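Some notes on the structure that comes next.
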Amino acid sequence: MKKKSPKPPAAEGKELIRTFVCIEIPDSIKQKMEDLENRLRRIDAQVSWVKPSNVHLTLKFLGGVAADMIEAVSAAVERSARATTTFELEVQGTGCFPSPRSPRVFWVGLGSLPDALVQLYTSLEQELARLGFEREKRRFAPHLTIGRLRTPRNGAELAQKLIDIGFESEKFVAREVVVMRSQLKPTGSIYTPLSSSPLRKQT
């Protein structure tokens, strides 16, 4: 069953902007993802691969947001960012949802979750709930999606290959949170930053 997009507050009859909140990742990690995808493409499977340049660590998907709500969303994200210190993230490992035998989504993972990341996520949920956005019901399990399987053919083989290759660990410091616009085009999604809020520097 196709996942329903979150229902944005009071958006009837208004211009809607497909919006999510994320952390950008360094180009060096995106390059490794491109190399990984190129190796996986050798397996004859029907996959919608995510362009490495479009990979982000999504913290909250908001769906279609009324244009006149974007400023309030950005302010809410800024409050959460100001309350959270910068933190280090480690990108490592690979996997798939829901299982290697019956995969649908392929991803690159994170190491242990820093307390600051969990704090940031919790604060974002609280701040955005005050604006009327639904809280996420699933457990917080951040990951970097690299592809989605379109048909089951050779999916299990591809999942095993992904797990066998893995992903060489690389660390980076998260310094800001971005409110991002997503425009769906036939050639792929186009992402445009709407606002950026720096995290509080550690003392």
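The values are calculated or read from the model by the stated rules, or taken from the named source; none is laboratory data. Quick caveat, the model's predicted, so the values are computed rather than measured. Virtual Cβ from ideal backbone geometry, glycine too; neighbours counted across all protein chains shown. For accessibility, only protein heavy atoms count, side chains too; no ligands or nucleic acids. Shrake-Rupley method; radii C 1.70, N 1.55, O 1.52, S 1.80 Å.
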May I ask you to list the chymotrypsin sites (Phe, Trp or Tyr not before Pro) in region 109-203 that are in a DSSP loop and have at most 14 other Cβ atoms within 10 Å of their Cβ?
-> Phe140
Lys pairs in region 14-61, Cα-Cα under 24 Å, at least 8 apart or on separate chains: how many?
-> 5
Sort largest first and round to whole Å: the equivalent ellipsoid semi-axes of the chain, each the square root of five times a Cα gyration tensor eigenvalue.
-> 29, 21, 15
Compute the relative contact order of region 80-184 as a whole-number percentage, counting only Cα pairs closer than 8 Å that sit 6 or more residues apart in sequence.
-> 42 percent
Loop-resident GluC sites (Glu not before Pro) in region 79-162 with no more than 14 other Cβ atoms inside 10 Å, DSSP not H/G/I/E/B, are Glu134
Counting sequence-distant residues (5 or more places) and residues on other chains, those with an amide H built under 5 Å from that of Thr84 are Arg200
How far is the Cα center of region 46-116 from the Cα center of region 141-203, in Å?
-> 6 Å
Trypsin sites (Lys or Arg not before Pro) within region 38-125: which are DSSP loop residues with at most 11 other Cβ atoms inside 10 Å?
-> Arg42, Arg101
Please work out the average accessible area per residue across the chain, using the 1.4 Å probe convention, and give it in Å².
-> 56 Å²
Relative contact order %, the chain, counting alpha carbon pairs below 8 Å whose residues are six or more apart = 32 percent
Counting sequence-distant residues (5 or more places) and residues on other chains, those with an amide H built under 5 Å from that of Val47 are Arg150
Carbon/sulfur accessible area of the chain, % of total, 1.4 Å probe, equals 48 percent
How much solvent-accessible surface does Asp68 expose, in Å² to the nearest 10, with a 1.4 Å probe and all protein chains in place?
-> 100 Å²
For region 37-130, the Debye formula with one identical point scatterer on each Cα and no solvent gives log10 I(q)/I(0) at q = 0.23, 0.24 Å⁻¹ as -1.23, -1.27
